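The values are calculated or read from the model by the stated rules, or taken from the named source; none is laboratory data. Model, not experiment: these values are computed from the prediction. Here the Cβ is made from the backbone with ideal geometry for all residues, glycine too, and neighbour counts use every protein chain on show.
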Amino acid sequence: MTMTPGPRKFVLTVHLTSSVGWIGAVVAYLALGVSAVTSRDAQTVRAAWIAMELTGWYVIVPLAIAALLSGLVLALGTPWGLFRHYWVLITLVLTILATVVLLLHMPTVSAAAAVARVAEGAALGELGGDLVHSGGGLLVLLVITALNVYKPRGLTPYGWRKQHEQRMEVVP
């Protein structure tokens, strides 16, 4: 089933907006993490962790879910398909992986933010800045973006079979 141009463009707009927003929000989260690691000011560290929690739950998580769902709709509603091309399949797997890691990691961020709200001095300095998760997440998102821009060739076995079936339908 292929979407008509109007709905396809709407879903594509949602997908691009949420995907680019996800990347931007992760960059902002990473900047807050760097701030939490490098600052010697307790209020800055506290504010960074509280902002990281809010950014994670209210910006990054919704954008990740929107990007995943709109990507699924696009794949299923366009000729690209979900299982025909390796780049689509790899993008799907990486997006699901990134979203699952994010959802599993956010309670840890909330726990660190809770500590930051009440901790003083040295205890705040021990929180760190969550640079590994945000840096790794950003790298994965950039790989996904590159795959979606370059669309490397390569059909899956399912894609080859579907392509062959379509050619056979055209030839009487």
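Any residue at all in the stretch 100-110 that's more than 30 Å from residue 152 (Cβ to Cβ), assigned to a loop (DSSP other than H, G, I, E, B) and of a type outside the set (Phe, Trp, Tyr)?
no
Under the condition of being of a type in the set (Phe, Trp, Tyr) and touching a Pro at 6+ places or on another chain (Cβ under 8 Å), which residue from the stretch 54-97 is farthest from residue 137 (Cα to Cα)?
86
Got a sec? Which of 32, 97, 54, 92 is under 19 Å from residue 133 (Cβ atoms) and in contact with a Gly (Cβ under 8 Å, 6 or more places away or on another chain)?
32
Across the stretch 1-49, which residue is modelled with the lowest pLDDT among those that are over 26 Å from residue 142 (Cα atoms) and β-branched (Val, Ile, Thr)?
The residue in question is 2.
Consider residue 120 carefully, then state whether it is among the charged types (D, E, K, R), in contact (Cβ under 8 Å) with a residue 12 or more places away in the chain and out of contact with any strand residue (DSSP E or B) (no Cβ under 7 Å at 6 or more places or on another chain).
Spelling it out, residue 120 is indeed among the charged types (D, E, K, R), in contact (Cβ under 8 Å) with a residue 12 or more places away in the chain and out of contact with any strand residue (DSSP E or B) (no Cβ under 7 Å at 6 or more places or on another chain).
Residues of the stretch 119-172 being closer than 21 Å to residue 89 by Cα, hydrophobic (A, V, I, L, M, F, W, C) and assigned to a helix (DSSP H, G or I), which ones?
138, 139, 140, 141, 142, 143, 144, 146, 147, 149, 160, listed by residue number.
Yes/no matrix, rows are residues, columns are (1) within 18 Å of residue 151 (Cα to Cα); (2) touching a residue at least 60 places away in the same chain (Cβ under 8 Å):
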| residue | (1), (2) |
| --- | --- |
| 46 | no, yes |
| 56 | no, no |
| 62 | no, no |
| 65 | no, no |
| 71 | yes, no |
| 74 | yes, yes |
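Can you tell me which residues in the stretch 74-91 are more than 18 Å from residue 16 (Cβ to Cβ) and either in contact with a helix residue (DSSP H, G or I) (Cβ under 7 Å, 6 or more places away or on another chain) or part of a loop (DSSP other than H, G, I, E, B) (or both)?
If the condition is that a residue be more than 18 Å from residue 16 (Cβ to Cβ) and either in contact with a helix residue (DSSP H, G or I) (Cβ under 7 Å, 6 or more places away or on another chain) or part of a loop (DSSP other than H, G, I, E, B) (or both), then 79, 81, 82, 83, 84, 85, 90 are the ones that fit.
Hey, among 138, 131, 97, which residue is touching a helix residue (DSSP H, G or I) at 6+ places or on another chain (Cβ under 8 Å), free of Cβ contacts under 8 Å to residues at least 60 places away in the same chain and over 18 Å from residue 11 (Cβ atoms)?
The match here is 97.
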